[in-house]
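The values are calculated or read from the model by the stated rules, or taken from the named source; none is laboratory data. Here the structure is a predicted model, which is why all the values come from computation and not from measurement. As a convention, Cβ positions derive from the backbone with ideal geometry for all residues, glycine included, and neighbour counts pool all protein chains shown. These area figures cover heavy atoms from the full protein model, side chains too; ligands, DNA and RNA do not enter into them. Shrake-Rupley method; radii C 1.70, N 1.55, O 1.52, S 1.80 Å.
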Amino acid sequence: MSQPLLAVEGLRVEFRVDGSILTALDNVSFTIGAGEILGVVGESGAGKSLTGAALLGLIDPPGRVSAGRMQFDGQMVDLRGDGMIALRGRHIGAIFQDPLTALDPLFTVGQQLVETLRMHLPLSARQARLRAAELLQETGIADAEARLDQYPHQFSGGMRQRVVIALALAAQPQLIIADEPTTALDVSVQSQVILLLKRLCGERGLAVILITHDMGVIAQACDRVAVMYSGRVVEIGPVRSVVQAPAHPYTRGLMAAIPSTKVRRKRLQQIDGTMPRLDAIPPGCAFHPRCPDAFGPCDVERPDLLEAGQTRAACWLHRREKSA
Ligand code: SF4
């Protein structure tokens with residue numbers, strides 16, 4: 001495999017609350033290559049958005065990155081420092097859930113695109129406006145030249161998210177971190193936005209980290225997926241393998257909760273219980289109180305990622321299979 005564009009190693013994020021240290025991300029490691037879409041999935045509170053925020057240098061006190069480093073395009077960055085700030089915007093773009101918060105209602109879409117373009121690239125005002133129209137066109141906005149002079153409220157939700165994608169692409173980044181980019185949109189436009197990201201990824205060799213709670217979006221869009229639970233990656237591998245043969249009981253639970261047109265079920269299955277709070281993460285495997293397969297070591301020892309067929313899963317079942 002060629003050198004990944006981004007390799008994250010041992011990312012740890014802590015929060016100091018009332019004199020105690022709570023660990024919100026623990027030893028998170030993964031890689032992503034150019035032109036690849038890596039999904040990051042899990043329930044609310046699993047740590048997926050925090051992972052994106054840490055890579056963008058957006059963790060505010062009382063939170064802090066207490067360990068971790070990343071290699072980005074051959075450059076080593078200590079995640080505890082502010083090295084990511086130089087990469088953000090120019091080399092790493094971001095798309096967040098609510099396009100309205102990413103856009104300034106007082107400025108036209110064209111003004112915002114031109115300003116972003118000129119901040120990062122050596123373009124005249126005229127060149128930047130031409131490029132802004134091209135970006136709108138590339139993201140599927142018709143009549144782009146005229147729409148540059150409109151304000152965000154004159155765009156529908158789906159179109160606004162396309163504008164946000166155009167803004168994220170303006171500086172020609174190599175990586176985009178998209179945090180729940182379709183959650184605030186109507187179901188009818190969600191898959192259009194996902195297909196757009198997929199197309200841009202293929203055309204530009206752009207790498208995308210797609211953060212979502214929706215396993216259906218992962219199956220539709222991603223090449224590989226990292227499943228997170230309680231601040232850790234519990235399974236990582238090619239999407240096809242994870243979807244068709246999940247190796248971690250938590251991933252199996254997520255898959256069973258997706259509606260399917262192929263399998264007839266009276267009701268969708270749910271994973272019993274809830275994700276533990278940060279101040280109540282159980283010892284051993286954090287999933288053990290909810291796990292239908294828990295056995296001997298599960299409430300004592302915490303498993304690291306183990307080889308599990310085509311994927312790697314943090315689950316003692318795979319040690320048992322290996323030694324059986
Ligand atoms: Fe379940 Fe044990 Fe595997 Fe955790 S380690 S997922 S509790 S079987």
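Residues of the stretch 142-185 that are buried (at least 23 other Cβ atoms within 10 Å of the Cβ), β-branched (Val, Ile, Thr) and assigned to a loop (DSSP other than H, G, I, E, B): THR182 alone. Taking the numbered list (1) assigned to a helix (DSSP H, G or I); (2) of a type outside the set (Ser, Thr, Tyr); (3) buried (at least 22 other Cβ atoms within 10 Å of the Cβ) in turn, ALA226 passes all entries but (1). Does at least one position in the stretch 20-36 carry a residue that is within 16 Å of the chain's Cα centre (by Cα), of a type in the set (Ser, Thr, Tyr) and either more than 26 Å from TYR229 (Cα to Cα) or buried (at least 22 other Cβ atoms within 10 Å of the Cβ) (or both)? The answer is no, given that none of the residues of the stretch 20-36 is within 16 Å of the chain's Cα centre (by Cα), of a type in the set (Ser, Thr, Tyr) and either more than 26 Å from TYR229 (Cα to Cα) or buried (at least 22 other Cβ atoms within 10 Å of the Cβ) (or both).
Matching residues to (1) modelled with pLDDT of 95 or more; (2) more than 30 Å from LEU22 (Cβ to Cβ):
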site: PRO181; (1), (2): no, no
site: SER191; (1), (2): no, yes
site: LEU197; (1), (2): no, yes
site: LEU210; (1), (2): yes, no
site: ALA226; (1), (2): yes, no
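The set of residues in the stretch 298-316 being open to solvent by 20 Å² or more (accessible area, probe 1.4 Å) and either at pLDDT 95 or above or out of contact with any helix residue (DSSP H, G or I) (no Cβ under 6 Å at 6 or more places or on another chain) (or both) consists of ASP299, VAL300, GLU301, ARG302, ASP304, LEU305, LEU306, GLU307, GLY309, ARG312, TRP316. Scanning the stretch 93-149 for residues that are under 30 Å from GLN71 (Cα atoms), touching a Phe, Trp or Tyr at 6+ places or on another chain (Cβ under 9 Å) and modelled with pLDDT under 95 yields PRO99, ALA102. Residue check: is ILE258 modelled with pLDDT under 90, of a type in the set (A, V, I, L, M, F, W, C) and within 13 Å of the ligand (Cβ to nearest atom)? It is false that ILE258 is modelled with pLDDT under 90, of a type in the set (A, V, I, L, M, F, W, C) and within 13 Å of the ligand (Cβ to nearest atom).
Scanning the stretch 293-315 for residues that are within 8 Å of the ligand (Cβ to nearest atom) and not hydrophobic (A, V, I, L, M, F, W, C) yields a count of 4.
Within the stretch 43-63, being surrounded by fewer than 16 Cβ atoms within 10 Å (Cβ to Cβ) and closer than 21 Å to GLY89 by Cα holds for one residue alone: ASP60. Scanning the stretch 202-223 for residues that are not acidic (Asp, Glu) and not in a helix (DSSP H, G or I) turns up GLY205, LEU206, ALA207, VAL208, ILE209, LEU210, ILE211, THR212, HIS213, CYS222.
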